[in-house]
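What follows is a short report on a single structure.
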Amino acid sequence: MKKPTSKIRNEIAKLQEQLKMAETRDAERIGRIALKAGLGDIMTEEFELQAAFEDLAKRFRGGQGIPTGGKKGDGRGTAGASTATIPPGAAQSGNGEA
């Protein structure tokens, strides 16, 4: 039996909210770890830190190349790893905190 489009939209909205909450949890976790490691005191451009985080993620994934086409993934790998590539100087959402 086919689902009505309204039900599908509701399911999508619920999944988007779950994704948002999961990303927030991951960002808070990574942010706490970064602060404990002293990254809060480093004065550098955001794109430089992002590049360093991408290198770190690659290291923990065993050097495997990762797609950088967006936030979608298969759920494997390190928690909270958003693989979207932001060009230098591009604005990011939020206040720039992890």
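Computed from the coordinates by the stated procedures, all read-outs in this text should not be read as laboratory data. Predicted model only: the values in this text are computed from it and were never measured. Cβ coordinates were reconstructed from backbone atoms using ideal geometry, including for glycine residues, and neighbour counts include every protein chain displayed.
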TODO: State the extension gain, in nm to one decimal, for the chain segment bounded by PHE60 and LYS3, taking 0.36 nm per residue of separation less the distance between their alpha-carbons.
DONE: 16.4 nm
Open item on the list: Assuming 0.36 nm per residue, please report the length gained on full extension of the stretch ASP26 to GLU45 beyond their Cα-Cα distance.
Closed with: 4.7 nm
TODO: Kindly write out, for region 47-59 in residue order, the coupling ³J(HN,Hα) from the Karplus curve 6.51 cos²θ - 1.76 cosθ + 1.60 (θ = phi - 60°), rounded to whole Hz, with x marking Gly and Pro.
DONE: 5, 5, 5, 4, 4, 5, 5, 5, 4, 5, 4, 4, 4
Task: Sum of side-chain charges, GLN18 neighbourhood, beta-carbon under 13 Å (Lys, Arg +1; Asp, Glu -1) - done: -1
